[in-house]
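Colleague: Dropping a structure here in structure tokens format, bear with me for questions.
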Amino acid sequence: MKYIAKFIMWLGGWKFRGELPQEKKAVIISVPHTSNWDFVWGELAFLSQGIPAFILMKKEFFFFPLGAILRALRVIPVDRGNKDSQLVEQMVTEFDKRDSMYLCITPEGSRKKRKKWKKGFLVIAYAANVPVYLGRIDYKGKYCEVGPLFCPTGDVEADLAYIMNTYHDANPKYPENFSYGN
């Protein structure tokens with residue numbers, strides 16, 4: 001799969017940039033998220049580097065036959081309408097039972113423009129005692145990267161404001177749908 005993913009990225013003119021994660025467990029955020037293509041290029045980047053990332057996706061995408069394909073790609077269905085789903089506890093348990101795990105989350109939570117990002121990735125990382133890699137998908141430069149590393153402080157609002165601001169120079173597929181905070 002690694003070489004097939006590298007070949008597809010090469011055909012599309014895309015590349016992986018940066019270093020591979022050094023931590024054995026981490027949350028990786030993927031920013032910006034303005035298109036379904038973000039999933040395609042992000043997943044190809046992970047596969048091309050042998051990064052076994054788990055991805056959260058709304059449960060509505062898990063219909064036959066797509067659901068079976070998504071599960072094979074380590075995609076975890078999420079019930080976004082159920083506030084009692086205990087997702088944080090579920091993800092902490094997943095981190096605890098594995099020697100190595102990377103959980104990729106799109107903090108914007110939507111392909112539409114949002115004033116604030118979802119905070120769950122920080123809550124999960126802090127509760128699981130794992131760092132966050134600030135991943136990026138850049139459509140202008142046609143690259144995906146993992147890094148730099150951020151260690152959550154427990155002050156979710158301050159952490160989120162800092163992280164959002166690090167993406168002020170992002171190059172999304174649809175710039176009008178991206179907000180990075182000001």
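Colleague: Among the residues that make up the stretch 85-104, is at least one of them surrounded by 15 or more Cβ atoms within 10 Å (Cβ to Cβ), touching a strand residue (DSSP E or B) at 6+ places or on another chain (Cβ under 6 Å) and assigned to a loop (DSSP other than H, G, I, E, B)?
Modeller: no
Colleague: For residues that are charged (D, E, K, R) and assigned to a strand (DSSP E or B), scanning just the stretch 134-143, find the one that is farthest from the chain's Cα centre (by Cα).
Modeller: D138
Colleague: What do you reckon, is M57 open to solvent by less than 50 Å² (accessible area, probe 1.4 Å) and either within 17 Å of the chain's Cα centre (by Cα) or over 20 Å from P172 (Cβ atoms) (or both)?
Modeller: yes
Colleague: So which residues in the stretch 1-42 are farther than 16 Å from G147 by Cα and part of a loop (DSSP other than H, G, I, E, B)?
Modeller: M1, G13, W14, H33, T34, S35, N36, listed by residue number.
Colleague: Same structure, new question: Take the residues of the stretch 60-71 that are out of contact with any Leu (no Cβ under 9 Å at 6 or more places or on another chain) and open to solvent by less than 80 Å² (accessible area, probe 1.4 Å): which is nearest to T93 (Cα to Cα)?
Modeller: L70
Colleague: Of S30, S35, which residue is within 29 Å of K115 (Cα to Cα), among the small types (G, A, S) and out of contact with any strand residue (DSSP E or B) (no Cβ under 6 Å at 6 or more places or on another chain)?
Modeller: S35
Colleague: Is one or more of the residues making up the stretch 125-141 free of Cβ contacts under 8 Å to residues at least 40 places away in the same chain, touching a helix residue (DSSP H, G or I) at 6+ places or on another chain (Cβ under 9 Å), open to solvent by less than 50 Å² (accessible area, probe 1.4 Å) and of a type outside the set (S, T, Y)?
Modeller: No, there is no match, as no residue in the stretch 125-141 is free of Cβ contacts under 8 Å to residues at least 40 places away in the same chain, touching a helix residue (DSSP H, G or I) at 6+ places or on another chain (Cβ under 9 Å), open to solvent by less than 50 Å² (accessible area, probe 1.4 Å) and of a type outside the set (S, T, Y).
Colleague: Search the stretch 144-154 for residues being open to solvent by less than 80 Å² (accessible area, probe 1.4 Å) and of a type outside the set (A, V, I, L, M, F, W, C), and hand back the single one that is farthest from the chain's Cα centre (by Cα).
Modeller: If we take residues in the stretch 144-154 being open to solvent by less than 80 Å² (accessible area, probe 1.4 Å) and of a type outside the set (A, V, I, L, M, F, W, C), then G154 is farthest from the chain's Cα centre (by Cα).
Colleague: Separate question: Across the stretch 7-36, what is the number of residues that are aliphatic (A, V, I, L, M), under 23 Å from N129 (Cβ atoms) and in contact with a helix residue (DSSP H, G or I) (Cβ under 7 Å, 6 or more places away or on another chain)?
Modeller: 3
Colleague: Only one of these is closer than 25 Å to V40 by Cβ and part of a helix (DSSP H, G or I): E157, E176. Name it.
Modeller: The conditions single out E176.
The values are calculated or read from the model by the stated rules, or taken from the named source; none is laboratory data. The model shown is predicted, which means the values in this text are computed figures rather than measured ones. Positions of Cβ are generated from backbone atoms using ideal geometry, with glycine treated the same way; all protein chains shown enter the neighbour counts. Side chains are part of the model used for accessible areas, which takes the heavy atoms of the whole protein and leaves out ligands, DNA and RNA. Shrake-Rupley method; radii C 1.70, N 1.55, O 1.52, S 1.80 Å.
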